[in-house]
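Trainee: Just passing along the structure, written as structure tokens.
The values are calculated or read from the model by the stated rules, or taken from the named source; none is laboratory data. Every value quoted in this text rests on a predicted model; they were computed, and no experiment measured them. A quick note on method: Cβ atoms are made from the backbone with ideal geometry, for glycine too, and the neighbour counts reach across all protein chains shown. Note: areas computed on protein heavy atoms with side chains; ligands, DNA, RNA excluded. Shrake-Rupley method; radii C 1.70, N 1.55, O 1.52, S 1.80 Å.
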Amino acid sequence: MKMSKIVRTQANFLYPFILIFGFYIIAHGHLTPGGGFQGGAVIATGIALIAVAYKYNDIKKWLKKTRLTATEGIGLLAFIITAICGFGTSFFYNWLANSGLLFGDRVPYGINPGYLNTGGVLPIMNLAVGIEVLGGLGVIIVYMLSYVKEVK
Amino acid sequence: MRNALVAISLLIVFASLVYIAVNPGDFGGQTGEHLVFGEPKHTDMDDYFIHHGQNQSAANNIVTSIVFDYRGYDTLGEASVLFAAVLGAGLVLRALRRDKK
Amino acid sequence: MIFEYLLQIFLLIGLVILAYLAIKFKDLIACAISLGIFSFILSLEFYILQAPDVAIAEAGIGAGLTTAIFIIAIHGTSRWEVEE
């Protein structure tokens with residue numbers, strides 16, 4: 001299925017903005033509302049926009065199912081490994097918080113402007129879950145598109 | 001007749017939901033405390049997370065620090081459920097394609 | 001305060017009307033679009049009830065992904081709902 005030229009031009013124009021907005025939500029998950037799941041869903045919406053506007057033969061060169069599945073597996077694996085790294089105290093221990101290392105700055109109590117280099121393992125877990133949701137929801141769209149192409 | 005029955009049952013559900021929203025009664029075993037629509041209940045657990053969250057998990061967003069730090073097992077289950085759902089969808093669609101050939 | 005209540009009443013009436021339209025239409029793509037607008041108004045309602053996380057998730061999944069999946073599925077089958 002291929003939409004009209006108006007829809008395709010709009011999709012080309014909107015796709016990078018949707019991508020940047022999704023990665024913004026993922027990267028600022030520990031400062032503003034949102035997080036991994038919401039940002040991944042927004043990016044998957046961008047993939048769905050391209051998938052609805054174009055034919056499957058046009059997009060299958062750069063939206064491969066194997067790549068999306070690998071992205072999903074890597075995300076889930078990174079999430080579990082980050083949780084296992086806190087085994088010195090307990091599973092899911094926030095071992096990077098207030099440590100001075102990466103994402104390890106201390107947060108002043110109360111209202112503050114929000115510093116990006118804080119949060120401990122939260123930004124890493126946000127990124128992992130975001131990648132996982134992006135791959136999972138994207139591969140469902142691509143699977144459905146490839147099957148619908150064969151029905152017609 | 002059938003449409004009328006559906007309409008009457010939907011009206012009963014709608015009226016009971018409106019009654020619950022306007023007059024929720026006591027909640028959580030504490031009598032005399034009425035919940036108002038749009039004003040959530042305030043508990044000791046909220047105070048703990050609000051006052052200790054910024055120190056313990058070093059993040060401004062208390063919701064994210066609960067989801068990924070305090071209740072991490074919940075998020076692990078959610079991610080596993082999503083993974084299993086995608087696996088099931090892929091298996092079903094692949095089996096359909098093999099049947100067609 | 002009265003403005004907030006009025007906005008909520010308008011949004012809830014819009015939800016009921018869009019849910020009725022989604023059942024009533026015979027064109028299935030129109031049904032999918034009205035379900036998408038339903039999800040969008042539901043996400044506005046979540047935002048007014050001070051749950052921005054749920055609002056972003058609803059706007060992304062309900063209004064974006066579900067509509068796209070419905071449109072792909074409708075393209076694979078027939079567009080019009082037929083009486084048995």
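Trainee: Could you please let me know if residue A:23 is closer than 26 Å to residue C:62 by Cα and open to solvent by 50 Å² or more (accessible area, probe 1.4 Å)?
Mentor: On the way: closer than 26 Å to residue C:62 by Cα: yes; open to solvent by 50 Å² or more (accessible area, probe 1.4 Å): yes.
Here the answer is yes, as residue A:23 does meet what is asked.
Trainee: Against the conditions (1) out of contact with any Gly (no Cβ under 9 Å at 6 or more places or on another chain); (2) surrounded by fewer than 20 Cβ atoms within 10 Å (Cβ to Cβ), where does residue A:93 fall short? Just the number, please.
Mentor: Looking at each condition in turn, residue A:93 falls short on (1).
Trainee: Another one. Is there a residue in segment A:62-85 that is open to solvent by less than 10 Å² (accessible area, probe 1.4 Å), within 12 Å of chain B (Cβ to nearest Cβ), touching a helix residue (DSSP H, G or I) at 6+ places or on another chain (Cβ under 6 Å) and at positive phi?
Mentor: No - not one qualifying residue is present in segment A:62-85.
Trainee: Here is a follow-up. Restricting attention to segment C:34-63, which residues are without any contact (Cβ under 8 Å) to a residue 12 or more places away in the chain and not β-branched (Val, Ile, Thr)?
Mentor: C:47, C:49, C:50, C:51, C:52, C:53, C:57, C:60
Trainee: Now for a separate question. Out of everything in segment A:86-104 that is of a type outside the set (Val, Ile, Thr) and over 21 Å from residue A:36 (Cα atoms), what residue ends up being farthest from the other protein chains (Cβ to nearest Cβ)? Give the steps one after another, and end with the answer.
Mentor: Of segment A:86-104, the ones of a type outside the set (Val, Ile, Thr) are A:86-88, A:90-104.
Now narrow it down to the ones that are over 21 Å from residue A:36 (Cα atoms): A:87-88, A:90, A:98-101.
Numbers: A:87: 13, A:88: 15, A:90: 10, A:98: 5, A:99: 9, A:100: 11, A:101: 12 Å.
Only one residue fits best here, namely A:88.
Trainee: Do the conditions hold for residue A:13, that is, is it modelled with pLDDT of 90 or more, open to solvent by 30 Å² or more (accessible area, probe 1.4 Å), part of a helix (DSSP H, G or I) and closer than 21 Å to residue C:53 by Cα? Spell out how you get there, then give the answer.
Mentor: Details: modelled with pLDDT of 90 or more: yes; open to solvent by 30 Å² or more (accessible area, probe 1.4 Å): yes; part of a helix (DSSP H, G or I): yes; closer than 21 Å to residue C:53 by Cα: no.
Spelling it out, it is not the case that residue A:13 is modelled with pLDDT of 90 or more, open to solvent by 30 Å² or more (accessible area, probe 1.4 Å), part of a helix (DSSP H, G or I) and closer than 21 Å to residue C:53 by Cα.
Trainee: Here's a follow-up. Of all residues being more than 7 Å from chain B (Cβ to nearest Cβ) and open to solvent by less than 20 Å² (accessible area, probe 1.4 Å) in segment A:127-141, which is farthest from residue A:49 (Cα to Cα)? Just the residue, please. Don't jump to the end; show me each part of the working.
Mentor: Within segment A:127-141, the subset more than 7 Å from chain B (Cβ to nearest Cβ) is A:127-128, A:130-131, A:134-135, A:137-138, A:141.
Checking which are open to solvent by less than 20 Å² (accessible area, probe 1.4 Å) leaves us with A:128, A:130, A:135, A:138, A:141.
Details: A:128: 23, A:130: 18, A:135: 15, A:138: 11, A:141: 10 Å.
Filtering first and then ranking leaves A:128.
Trainee: Count, please, the residues in segment C:34-60 that happen to be more than 21 Å from residue C:21 (Cβ to Cβ) and either open to solvent by less than 20 Å² (accessible area, probe 1.4 Å) or facing chain A (nearest Cβ under 7 Å) (or both).
Mentor: 6
Trainee: Using the structure shown, decide if residue A:73 is assigned to a loop (DSSP other than H, G, I, E, B) and either in contact with an Asp or Glu (Cβ under 8 Å, 6 or more places away or on another chain) or under 25 Å from residue B:77 (Cα atoms) (or both). Before you say what the answer is, go through the steps one by one.
Mentor: Working: assigned to a loop (DSSP other than H, G, I, E, B): no; either in contact with an Asp or Glu (Cβ under 8 Å, 6 or more places away or on another chain) or under 25 Å from residue B:77 (Cα atoms) (or both): yes.
Answer is no for this residue.
Trainee: Okay, moving on. Test residue A:114 against the stated conditions and say whether it is under 18 Å from residue A:28 (Cα atoms), within 24 Å of the chain's Cα centre (by Cα) and open to solvent by 10 Å² or more (accessible area, probe 1.4 Å).
Mentor: Values: under 18 Å from residue A:28 (Cα atoms): yes; within 24 Å of the chain's Cα centre (by Cα): yes; open to solvent by 10 Å² or more (accessible area, probe 1.4 Å): yes.
Taking the combined requirement at face value, the residue satisfies it.
Trainee: Is it fair to say residue A:122 is of a type outside the set (Ser, Thr, Tyr), surrounded by fewer than 16 Cβ atoms within 10 Å (Cβ to Cβ) and under 24 Å from the mean Cα position of the chain (by Cα)? Break it down into steps so the answer makes sense when it comes.
Mentor: Numbers: of a type outside the set (Ser, Thr, Tyr): yes; surrounded by fewer than 16 Cβ atoms within 10 Å (Cβ to Cβ): no; under 24 Å from the mean Cα position of the chain (by Cα): yes.
In short, no.
Trainee: Where residues in segment A:36-50 are small (Gly, Ala, Ser) and at the interface with chain C (Cβ under 7 Å from one of its Cβ atoms), which of them is farthest from residue C:57 (Cα to Cα)?
Mentor: Kept after step one, since they are small (Gly, Ala, Ser), are these residues of segment A:36-50: A:36, A:39-41, A:44, A:46, A:48.
From what's left, at the interface with chain C (Cβ under 7 Å from one of its Cβ atoms): A:41, A:44, A:48.
Working: A:41: 7, A:44: 12, A:48: 15 Å.
In this case the residue turns out to be A:48.
Trainee: Working only within segment A:99-111, note down all residues that are hydroxyl-bearing (Ser, Thr, Tyr) and open to solvent by 100 Å² or more (accessible area, probe 1.4 Å).
Mentor: Matches in segment A:99-111: A:109 only.
Trainee: Right, something else. Please specify each residue of segment B:30-78 satisfying the condition of being modelled with pLDDT under 85, assigned to a loop (DSSP other than H, G, I, E, B) and open to solvent by 70 Å² or more (accessible area, probe 1.4 Å).
Mentor: Passing the criteria: B:37, B:40, B:42.
Trainee: Would you check which residues across segment B:85-101 are open to solvent by less than 60 Å² (accessible area, probe 1.4 Å) and either within 7 Å of chain A (Cβ to nearest Cβ) or closer than 19 Å to residue A:76 by Cα (or both) and list them?
Mentor: If the condition is that a residue be open to solvent by less than 60 Å² (accessible area, probe 1.4 Å) and either within 7 Å of chain A (Cβ to nearest Cβ) or closer than 19 Å to residue A:76 by Cα (or both), then B:85, B:86, B:88, B:89, B:90, B:93, B:97 are the ones that fit.
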